[in-house]
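Before any comments, here is the structure.
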Amino acid sequence: MKTPILSLVIIFTFSIFANGQDPVALCQMQVKTKRFEAAKLTCAAAVKSNPALGQMGLGLASLGLLEWQNAIAAFSAALDARGNASELYFYRGNANFLAGNYKAAYEDLSRASSLDPRIGARAKEMTDAAREIASLLPVKKVPVNVEKRSLEVSLTANSLLIQRALKKTNKEPKEVIDALDRQIVEKLNEAIRINKFNSHAYSSRASFYKAQNQRAKALIEYTKAIAVDPKSAPTIFSRGELYAEMKNYQMAIADFSTAIQINFEGLGYTSNYYSARADAYEKSGQKEKALQDLNYMIEVRPNEAFGYSLRASYHLRQNDRTKALADLNKAIEVAPKDASNRLSRCRFYVEAKNFSAAVADCTVAIDEKSFIISDIALTERAVAYTGLKKFGLAMADLATAEKSEYASKAEIYAQRGVIYAAQGKKAEAKIAFEAALKEDPKNIKAANGLKSLN
């Protein structure tokens, strides 16, 4: 389920050009190219020459800006001007769904489907979801014993979900996972049969679908959970994470912002909510807002390393190495034994070819014996030792790292290849690079190493 700026827009754009209606054509072109702010002004002007198409463009621009009520009003005006139009009911149905008007969404989507079976096929999942969510509202109070019994069953399902994740990590047979999946589904369905207002059951079912990579279904289940409990910041945040995974950053930011507001009113500051929103802002091109969130994290918790570490990573992605190093230094000053920050600065120094400083930081990270991080630091220290031409020490680190299930085998083999090549052992280097590429065909170090040998 995504914000629907769909192929219908392209069809209308072409027809508008054919008719030579310049203001309306510009409106639709701006919508098509996602220049929504500009489109709002242009489409509002286009309403004078063509009310139906101008209002439709205004509605689509409002959808793109997540202004649901404005979109609903514009599509309604377009329908008044044009009469029955399947695509307008479809768009208004989407806007109503995203605004939380599920009964109205169901009516609009059903109307669109009856007018155009092609839209019906495309809108079926959302139409069914709108009908089901509408049936949950308004939420009714159930007896305490019923609520408790349903929650116990959904908590059991959640425990099975955790078991499933562990079994997947351990690469247990497919039939074992499938059998567990059937148990999870059975428990979740039972929990909802007992109490259809159990928000936890819908949220757990969303997690289940997410684990199966069925993202559209997961979004719908999260939406059901939120409809039943609109003040659940963790559920709203989880849906935001899923939107971010789907690269729908606008919707992710909206959910993260709602979760932040709810949490602020209740528990107060939650760092991972801000870090997730900062990441979504950055990935959507809103770098100033991303930095504002990162700065706020440090302002609220100046004695925690997490904010400095995140901001250092941000500065590195912006190629501002001076600010990145300053933040890494501050993170380590605040938490001198934090292995992850030591590893980050070790990598920074490796890239800067300050190999002695890199060895010092990676050594601290290794000595901390931190889960996963210390194993990864062994491979990075081997890179630093290679830069210092201490090949024996580098090989020893790689041999130790190879025993870990968390260190990248591709990186280990590729670095061995680099060491062999530096020693003039071309045959051994070739074998090592090929082994790295077998582990990871996209390993750049190994690919470049093989080229250099030729």
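Per-structure values
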{"read-out": "Selection from the range 74-89 of residues that are over 16 Å from residue 46 (Cβ atoms) and of a type outside the set (D, E, K, R)", "value": "76, 79, 83, 84, 85, 86, 89"}
{"read-out": "Residue, farthest from the chain's Cα centre (by Cα), within the range 395-438, restricted to residues that are without any contact (Cβ under 8 Å) to a residue 12 or more places away in the chain and surrounded by fewer than 14 Cβ atoms within 10 Å (Cβ to Cβ)", "value": "424"}
{"read-out": "Evaluation of residue 142 against (1) in a helix (DSSP H, G or I); (2) over 29 Å from the mean Cα position of the chain (by Cα) (one fails), failing number", "value": "(1)"}
{"read-out": "Criterion: at pLDDT below 95 and either of a type in the set (S, T, N, Q) or closer than 30 Å to residue 327 by Cβ (or both) - qualifying residue of 371, 355", "value": "371"}
{"read-out": "Candidates 267, 343 - the one that is over 25 Å from residue 237 (Cβ atoms), of a type in the set (A, V, I, L, M) and out of contact with any Ser or Thr (no Cβ under 6 Å at 6 or more places or on another chain)", "value": "343"}
{"read-out": "Residue list for the range 222-253, filter: crowded, with 20+ Cβ neighbours inside 10 Å, closer than 16 Å to residue 264 by Cβ and of a type outside the set (A, V, I, L, M, F, W, C)", "value": "240"}
{"read-out": "Residue 219 within 17 Å of the chain's Cα centre (by Cα) and surrounded by 17 or more Cβ atoms within 10 Å (Cβ to Cβ)", "value": "yes"}
{"read-out": "Residue 247 vs. criteria in contact (Cβ under 8 Å) with a residue 24 or more places away in the chain, assigned to a loop (DSSP other than H, G, I, E, B) and over 13 Å from the mean Cα position of the chain (by Cα)", "value": "no"}
{"read-out": "Residue within the range 358-380 that is small (Gly, Ala, Ser), in contact with an Asp or Glu (Cβ under 7 Å, 6 or more places away or on another chain) and either in contact (Cβ under 8 Å) with a residue 12 or more places away in the chain or closer than 29 Å to residue 429 by Cβ (or both) present", "value": "yes"}
{"read-out": "Candidate set: the range 401-428, residues that are touching a helix residue (DSSP H, G or I) at 6+ places or on another chain (Cβ under 6 Å) and of a type in the set (Ser, Thr, Tyr); chosen: the one nearest to residue 446 (Cα to Cα)", "value": "413"}
{"read-out": "Of residues in the range 254-274 being surrounded by fewer than 17 Cβ atoms within 10 Å (Cβ to Cβ) and assigned to a helix (DSSP H, G or I), the one farthest from the chain's Cα centre (by Cα)", "value": "265"}
{"read-out": "Hits in the range 43-64 (condition: buried (at least 17 other Cβ atoms within 10 Å of the Cβ) and among the aliphatic types (A, V, I, L, M))", "value": "46, 47, 52, 53, 56, 58, 60, 61, 63"}
{"read-out": "In the range 368-394, residue nearest to residue 422 (Cα to Cα) [restricted to those that are of a type in the set (Val, Ile, Thr) and within 33 Å of the chain's Cα centre (by Cα)]", "value": "383"}
{"read-out": "Lone unmet requirement of (1) surrounded by 12 or more Cβ atoms within 10 Å (Cβ to Cβ); (2) on the phi > 0 side of the Ramachandran plot for residue 128", "value": "(2)"}
{"read-out": "Subset tally (residues that are in a loop (DSSP other than H, G, I, E, B) and buried (at least 19 other Cβ atoms within 10 Å of the Cβ)) for the range 330-374", "value": "1"}
{"read-out": "Which numbered condition residue 303 misses (of (1) part of a loop (DSSP other than H, G, I, E, B); (2) under 24 Å from residue 384 (Cβ atoms))", "value": "(2)"}
{"read-out": "Members of the range 142-161 found to be surrounded by fewer than 10 Cβ atoms within 10 Å (Cβ to Cβ) and hydrophobic (A, V, I, L, M, F, W, C), listed by number", "value": "144"}
{"read-out": "The range 103-121 residues that are outside any helix (DSSP H, G or I), paired with ones that are crowded, with 19+ Cβ neighbours inside 10 Å and of a type outside the set (Ser, Thr, Tyr) (beta carbon under 9 Å, 6 or more apart)", "value": "116/87; 116/90"}
{"read-out": "Given (1) in contact with a helix residue (DSSP H, G or I) (Cβ under 7 Å, 6 or more places away or on another chain); (2) among the aliphatic types (A, V, I, L, M); (3) assigned to a helix (DSSP H, G or I), index of the condition residue 396 fails", "value": "(1)"}
{"read-out": "Every residue from the range 89-107 that is charged (D, E, K, R) and either surrounded by fewer than 24 Cβ atoms within 10 Å (Cβ to Cβ) or more than 12 Å from residue 59 (Cβ to Cβ) (or both)", "value": "103, 107"}
{"read-out": "Unmet requirement for residue 80, which otherwise passes all of (1) under 32 Å from the mean Cα position of the chain (by Cα); (2) assigned to a helix (DSSP H, G or I); (3) surrounded by fewer than 22 Cβ atoms within 10 Å (Cβ to Cβ); (4) modelled with pLDDT of 85 or more", "value": "(1)"}
{"read-out": "Count of residues meeting criterion [among the charged types (D, E, K, R) and farther than 21 Å from residue 274 by Cα] in the range 308-337", "value": "4"}
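The values are calculated or read from the model by the stated rules, or taken from the named source; none is laboratory data. Note that the structure is predicted; figures quoted are calculated from it, not measured. Every residue, glycine among them, receives a Cβ derived from its backbone with ideal geometry; neighbour counts consider all protein chains shown.
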